[in-house]
Amino acid sequence: MLTILRQNIWRVAKRDFSRAWAHTSSVHSVNEQDVEHFTKILSSPSSVISTLSPSFSSSSDLENFNADWMGKYKGHATTVLKPRTTEEVSKILKYCWERQIHVVPQGGNTGLVGGSVPIQDELVISLSNLSKVRSFDPVSGILVADAGCVLESLSEHIAPHGFIMPLDLGAKGSCQIGGNVATNAGGLRLLRYGSLHGTVLGLEVVLPDGTVLDQLSTMRKDNTGYDLKQLFIGSEGTIGIITGVSILTPPAPKSTNNVVLALPSFSNVIPVFKATRQHLSEVLSAFEYFDRTAYDLALKHGHAAPFPAEEVEGAECYVLLETSGGKKEHDDEKINTLLETLLSDEDSLILTGTLSQSPSQFASLWAIREGLTEAVSKEGKAYKYDISVPVSSFAEVVGTVRARCEEKGLISRGLVKHVIGYGHVGDGNLHLNVIASEYNDEVAQTLEPFVYEVVASHRGSISAEHGIGVMKTHALKYSKDAISRQWMRKIKDIFDSKGIMNPGKVLE
Ligand code: FAD
Ligand code: MLT
Ligand code: ZN
């Protein structure tokens, strides 16, 4: 690389669970007759995993479906169904609707707000067997795929045709396109390709009563009244199960480049971002931020350092920027001019930077940023706050929350190990992570509602991209006023008057 020198799960989970479940009524647990029925309507015996089934072998089969990615939320589902077709999903929901069985749709189970796991013993409907690409048009770039296709496998499918998926996230090897749509996932390319509200062209959805809503349009333009599909983007499995997705994929850039810059002070982030936008204009495709502690954790948990330690001694934070363009010489010239400007600036906007020189270096610079979620989870138990606040206050928000933890003695007593910030500067999205030694009521009560009040004081959002799930139902009020919440409830009731879909998620 080229170096540019200038010089206890359960206690906290229980609190969330009881709060969420308190709102639901007439719970019908799955029983042996139900399992018998499911076995009849599903084409393959392996599509039913149930402790109530005579063929059930190992409870470890169920564990993965009952626990979330962070190990923070844990359900007690006895039964998981893995339908293979939209028709099978429809038959399952029709039956559950009649029997009033509560269901949880589950994709790759990489969600970070506890939305994809049961609260009690709801039926889990895993979409992982719905994994066929239905069509791809190599002229328009329009891809139609089953909801259970893994994001990375879709990237691999379209790469030979010269296209990329419009979204990219660290969980790409496990998360599914249906889960991405259900959470309205943002990720690392949003700055360039926009949100799923723009790139999703159509959806096929099985409604709670089993009706199939076919909105699987492949048209770029369709202005025929209410755009129903938008309601399902970000609905987190509360109003229907997405079974098919039509999405516009952009052409793969001919040339890509990335740079990690070490900044002496957080206050330099905005001037660097401003200069970057001015110099790189249309080729800028990502501008990501991580503070010094986040960077140190990435290195501690196995990522290669892009700089010798002595070069970044005084760094307060780092940014990773990426260019994606059509002509290498043109993009290189732009990035070099930017770097020269940042280096020649009298006020030392950057300490140093590393520009990737090969595809593997490009990947290893990205790995530092993409690997932060995993590094955090290796370090301890994370309280993850995914917020929109003005970029100028990213460091201040992290500092305020750290000060609160210090004031309550959580740091001196080792209950909180680190308070870190990273995120998507281009989208005004900060990932505030409080890394604790265990999930614990005292830590949770120190952080909430404190963090949400801080967000509200900035008129920000309590969820920029991960959604509400079970984690933030009680905090929705900080970002949505009473009238908005009432309309959300009305929409939920229109689709799911019996309340069978993902109870206790999104709305209290
Ligand atoms: P799941 O976790 O299985 O489900 C998430 C929610 O969607 C649940 O409420 C579930 O009920 C519902 N759901 C799932 N599938 C369907 C369906 N077919 N129909 C209806 N509802 C459904 N998120 C970001 O936004 N940006 C990031 O950069 C990002 N990076 C991540 C990095 C890592 C390492 C990890 C672990 C997570 C990251 N996430 C990120 C969060 C998560 O990956 C995304 O939210 C992802 O989109 C979830 O997809 P999934 O298939 O795993 O869904
Ligand atoms: C990210 O940007 O890395 C993801 O949203 C996941 C996280 O917040 O850790
Ligand atoms: Zn993110």
Study note, to complete from the structure: How many residues of the range 455-470 are open to solvent by 10 Å² or more (accessible area, probe 1.4 Å) and either aliphatic (A, V, I, L, M) or more than 19 Å from the chain's Cα centre (by Cα) (or both)? The answer is 6
Check your understanding: Which of (1) closer than 21 Å to HIS279 by Cα; (2) charged (D, E, K, R); (3) open to solvent by 40 Å² or more (accessible area, probe 1.4 Å); (4) touching a strand residue (DSSP E or B) at 6+ places or on another chain (Cβ under 6 Å) does GLU346 not meet, given it meets every other one?
Key -> (4)
**Study point:** Test: TYR95 is at pLDDT 95 or above, aromatic (Phe, Trp, Tyr) and open to solvent by less than 30 Å² (accessible area, probe 1.4 Å)
**Key:** no
Check your understanding: Right, VAL425: crowded, with 23+ Cβ neighbours inside 10 Å, over 26 Å from LEU191 (Cα atoms) and among the hydrophobic types (A, V, I, L, M, F, W, C) or not?
Key -> no
**Study point:** Members of the range 198-247 that are closer than 14 Å to ILE142 by Cβ and within 10 Å of ligand 1 (Cβ to nearest atom)
**Key:** LEU203, GLY244, VAL245
Study note, to complete from the structure: Restricting the range 369-411 to residues that are within 16 Å of ligand 3 (Cβ to nearest atom) and open to solvent by 50 Å² or more (accessible area, probe 1.4 Å), the one farthest from the chain's Cα centre (by Cα) turns out to be SER377
Exercise for review: Go over the candidates ASP209, ASP168, ASP214 one by one and state the one that is over 21 Å from SER128 (Cα atoms) and among the acidic types (Asp, Glu).
Suggested key: ASP209
Point to revise | Yes/no for GLY421 being within 16 Å of ligand 1 (Cβ to nearest atom), over 22 Å from ILE233 (Cβ atoms) and under 18 Å from the mean Cα position of the chain (by Cα) | key: yes
Point to revise | Complete set of residues in the range 359-393 that are of a type in the set (S, T, N, Q) and under 15 Å from ALA304 (Cα atoms) | key: SER360, GLN361, SER364
Point to revise | Residue in the range 109-132 that is in contact with a Cys (Cβ under 7 Å, 6 or more places away or on another chain), of a type in the set (Val, Ile, Thr) and closer than 21 Å to LEU248 by Cβ present | key: no
Check your understanding: Just a yes or no: is a residue in the range 352-367 away from ligand 1 (no atom under 16 Å from the Cβ) and within 13 Å of LEU430 (Cα to Cα)?
Key -> no
Practice item. Would you point out the residue of the range 450-495, among those that are within 18 Å of ASN433 (Cβ to Cβ) and not in a loop (DSSP other than H, G, I, E, B), that is farthest from ligand 3 (Cβ to nearest atom)? Key: PHE450
Review point. Which ones in the range 149-161 are open to solvent by less than 30 Å² (accessible area, probe 1.4 Å) and more than 16 Å from ligand 2 (Cβ to nearest atom)?
Key: CYS149, LEU154, ILE158
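Test of understanding: among SER155, SER128, which residue is assigned to a helix (DSSP H, G or I) and within 22 Å of the chain's Cα centre (by Cα)?
Result of the check over SER155, SER128: SER155.
The values are calculated or read from the model by the stated rules, or taken from the named source; none is laboratory data. Owing to the predicted nature of the structure, the values given are computational and were not obtained by experimental measurement. Note that each Cβ is placed from the backbone with ideal geometry, even for glycine, and that neighbours are counted across all protein chains shown. Heavy atoms of the whole protein, side chains included, go into the accessibility calculation; ligands, DNA and RNA do not. Shrake-Rupley method; radii C 1.70, N 1.55, O 1.52, S 1.80 Å.
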